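Notes follow the structure.
Just so it is clear, none of the values below were taken in a lab; they were calculated from the coordinates. None of the values given here were measured: they were computed from a predicted structure. When we count neighbours, we look across all protein chains shown, and the Cβ atoms used for this are built from the backbone with ideal geometry, even at glycine.
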Amino acid sequence: MLREFVNRREELGILEKLWRRKGLTLVLVYGRRRVGKTRLLEEFSREKERIFVIFEDKPREYNFKLLSRKVSEFVGFSVEVRDFPSLFTLLKKTTGGRVLLIMDEFSYLIKKEVGILSELSRAMEENKDLNALVVVSGSYVSLLEREFFSYSSPIYGRSDANIKVVPLQFRHVMEWFNSQKIEDLVKIYAVTNGTPKYLEFFNGENVEDEIKANFFNSSAFLFREAKALLSEELRELSTYLAILEAIARGNTRVTQIANFCYMKENQVVPYLRVLGELGIVRKVTPLFGKRGIYEIGDNYFLFWSRFVNPYYEEIEGNFVDAAIEDFEMNFNTFLGKPFEGIAREFLMEANQKNLLPFRFTKLGRWWHKGEEIDIVALNEREKKALFVEVKWRELSEKDAKRILSRLRKKAELIGLKDYEKHFGIVAKGIKGKENLGLAFDLEDFEKVFTQRRGK
């Protein structure tokens, strides 16, 4: 279900500012597939005279024919574009005002021809007086970061701005589905990661049934999407899938991941590094600690790796009972991890609204020798600390008080003796929260997040 354009105000603001400049301006817009790059560029350029070409995973000749067609439409007569220097020279001769040239999925050209960036760099060098905004967009994140940010790249230093488009945050998902229950939106966010394309498959009415239809059906887009994305970027797909499943099942240390995958520790590390570059896996280090763990930072991949990949062949063969049974038994437990991320976003929003005892400047997690605190927020200059436990369940006042008491004991293990300490809890629902001080549940999420939108 396609919804109205949501968020992207900062990205649109950057693009509009660059459009108002004079002279030759280059901007890179990049991000994983489905995050809404093309929609962003459509919205930005909607009322502007533009050349907007979307390249395909085909040879140079095919893509330059696409480009030639779009340029011909723009200048009003037939032209054949063979390279970027001649294109920029043509635009300089035939246009009077500022030109908007958008080249979407440019990374296909880079994949097909290594020298294409040298050609683009040369075109810019030879046509510095062209009054144009050139937008280069692509989905191969690691490739584009390597080519645009590497000192040895011919295009290094040429771009005036680099905009990485990321999935929507939870508050934007609330804006997308503006009338659904918050609990249902948590579930949707937990399986889509706020990726706009994935959100389009949900109405938010019977959410768990919608999840089953979208993930445990061999013809469904979201069932095959993870493999398709990984296959475009990676070789040795089966090894990466095994590593993702290992992490999704709670194996977060290198030794545990290696054991799950029947590999050696030194063999696993390079794969983890690649998954990190893709933004799928991240290494998390505790506050006041050094030894980190690995976790899947993308909720879609986390859900898919936990509930879909272990049953992939069975679902393909339409034997879905085991997968659905696992989902029905364990989905509520699974939601705990995505909810922690949403709780962090909530606390950052509350921080901006001055709804907490102090303004924190650092946010993280803490664990040591089997003890863990979900969220620790600090203001190191003022020596103030906030410790928060996150629970995806309904709590009685008695439950909440017990959790807070335990939290105070764990906080003593960290030290911070000269700090002013505060303690809080974030849960799905809390009875008697008005008697607990810093206690927040989904009802508060709705109030704080919608406040930002002026409602």
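Couple of notes before you dig in:
- Label of the coordinate-derived value, Cα extents along the principal axes in Å, listed as (1) 99, 60, 49; (2) 68, 52, 45; (3) 76, 53, 45: (3)
- Around residue 433: net Lys/Arg minus Asp/Glu count, Cβ-Cβ under 9 Å: -4
- The stretch 264-288 and the stretch 20-86 have Cα centres spaced 35 Å apart.
- Once the Cα atoms are used to define both axes, helix 336-352 deviates from the longest principal axis of the chain by about 80 degrees.
- Here is how the number arises for the chain: DSSP H runs of 4 or more residues each give -39500 (n - 2.57), the sum is divided by the residue count, and the result at 222 nm is -14000 deg cm²/dmol.
- Stretching residue 362 away from residue 409 to a fully extended chain increases their span by 14.8 nm, per 0.36 nm per residue minus the current alpha-carbon distance.
- Arranged from fewest to most other beta-carbon atoms within 10 Å of their beta carbon, 368, 422 become 368, 422.
- Separation of the residue 16 and residue 252 label points, Cα + 7 Å toward Cβ, nm: 4.1 nm
- Pairwise centroid distance, computed over Cα atoms, of the stretch 351-370 with the stretch 99-147, Å: 41 Å
- In this structure, the residue pairs whose Cα-Cα separation is over 30 Å, taken from 70/212; 58/187; 227/391; 384/447, are 70/212; 58/187; 227/391.
- Of 395, 120, 436, the sequence from fewest to most neighbouring Cβ atoms within 10 angstrom is 436, 395, 120.
- Ranked 19, 176, criterion: other C-beta atoms within 10 Å, fewest first: 19, 176
- Antiparallel bridge percentage (DSSP; both residues within the chain; nearest 5): 30 percent
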